[in-house]
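Asker: Would you mind keeping the following structure in view while I ask a few things?
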Amino acid sequence: MEKQEIQEVAEQVSKKRRGNQKGNSTNSPMIPTGNINMSNNENAAMCEYALNIFHAPAVDLHDPEDVAAAIDRYFKDCISRGLRPGNLGLYATLGLSKQDVSDAIRGRNKSKLSPQSIDLLKKAKVALSTYREMLGSTGKINPVTLIFWQKNYDGLEDKQTMEIAPRKDLEADRTPDEIAKQIEQDIPIDVDFEENDV
């Protein structure tokens with residue numbers, strides 16, 4: 001498709017979308033206004049980006065140099081279009097799905113990628129992760145969006161793990177007072193509260 005044709009299609013889609021979304025506002029943290037506010041040029045750039053991925057040359061996944069070149073092409077294409085890079089776009093450029101990459105990194109499917117290519121993918125994932133972190137730390141994206149991306153693409157978790165192990169010195173031959181004293185020593189207390197502080 002020529003650039004003019006892409007822009008015409010983008011304008012038609014944009015007009016139709018605006019007509020369907022009047023008064024349809026939501027409280028989504030992902031799309032704060034409930035509508036996608038995008039110019040025709042932005043939409044055209046994203047369509048060209050998608051077409052570029054669709055027409056991406058086949059990559060020899062066993063050749064680390066070919067994989068590295070495809071990764072470079074992907075990032076440079078995002079730079080030239082002024083678009084943010086993402087995991088799924090990178091994987092699609094390589095002819096892979098999110099599941100393919102996950103399986104390869106976890107060692108479940110080694111036949112698709114060479115070990116060196118897997119290392120390159122891990123490095124590219126770290127680059128994308130640091131990019132998202134920078135977007136969040138500079139206030140360019142909603143924190144909820146950042147957290148979603150980090151949990152779904154970067155493997156971050158917001159859970160706390162506590163390990164409880166039996167103690168040999170809390171044996172049956174100790175008195176309750178001795179046990180209470182030991183517990184007080186084992187549990188650090190950071191803050192002392194006065195009665196009127198609570």
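Asker: Heads up, I need the accessible area for Cys47: 1.4 angstrom probe, whole protein in place, Å², nearest 10.
Answerer: The value for Cys47 is about 50 Å².
Asker: Let me ask another. Here are some pairs, Lys76/Lys159; Lys76/Lys112; Lys122/Lys151; Lys76/Lys151; which of them have Cα atoms lying more than 28 Å apart in this structure? The partial results should precede the final answer.
Answerer: Working: Lys76/Lys159 36 Å; Lys76/Lys112 25 Å; Lys122/Lys151 16 Å; Lys76/Lys151 26 Å.
Those over the limit are Lys76/Lys159.
Asker: If you filter the range 38-115 for trypsin sites (Lys or Arg not before Pro), then keep DSSP loop positions with at most 14 other Cβ within 10 Å, what is left? Before the final figure, lay out each step's value.
Answerer: Working: sites: Arg73, Lys76, Arg81, Lys98, Arg106, Arg108, Lys110, Lys112; in loops: Arg106, Arg108, Lys110, Lys112.
Sparse-neighbourhood loop trypsin sites (Lys or Arg not before Pro): Arg106, Arg108, Lys110.
Asker: What is the distance, in nm, between label points placed 7 Å from the Cα along the Cα-to-Cβ direction at Lys76 and at Thr161?
Answerer: 4.2
Asker: Please work out the average accessible area per residue across the range 46-137, using the 1.4 Å probe convention, and give it in Å².
Answerer: Working: 5200 Å² over 92 residues.
Each residue of the range 46-137 exposes 56 Å² on average to a 1.4 Å probe.
Asker: Stick to the Cα atoms of the range 30-170, pair each with every other, and give me the Kirkwood hydrodynamic radius in Å at one decimal.
Answerer: 17.3
Asker: Let me ask another. Quick check: pseudo-label points 7 Å beyond the Cα along Cα→Cβ at Tyr153 and Arg106, how many nm apart are they?
Answerer: Distance between label points: 2.0 nm.
Asker: When the Karplus curve 6.51 cos²θ - 1.76 cosθ + 1.60 is applied with θ = phi - 60°, which whole-Hz ³J(HN,Hα) does each residue of the range 139-146 get, with x for Gly and Pro?
Answerer: Values, residue by residue: x, 7, 9, 5, x, 5, 5, 4 Hz.
The values are calculated or read from the model by the stated rules, or taken from the named source; none is laboratory data. All figures in this text were calculated on a predicted structure; none of them were measured in a lab. With ideal geometry, Cβ positions are generated from the backbone for all residues, glycine too; neighbour counts draw on all protein chains shown. For accessibility, only protein heavy atoms count, side chains too; no ligands or nucleic acids. Shrake-Rupley method; radii C 1.70, N 1.55, O 1.52, S 1.80 Å.
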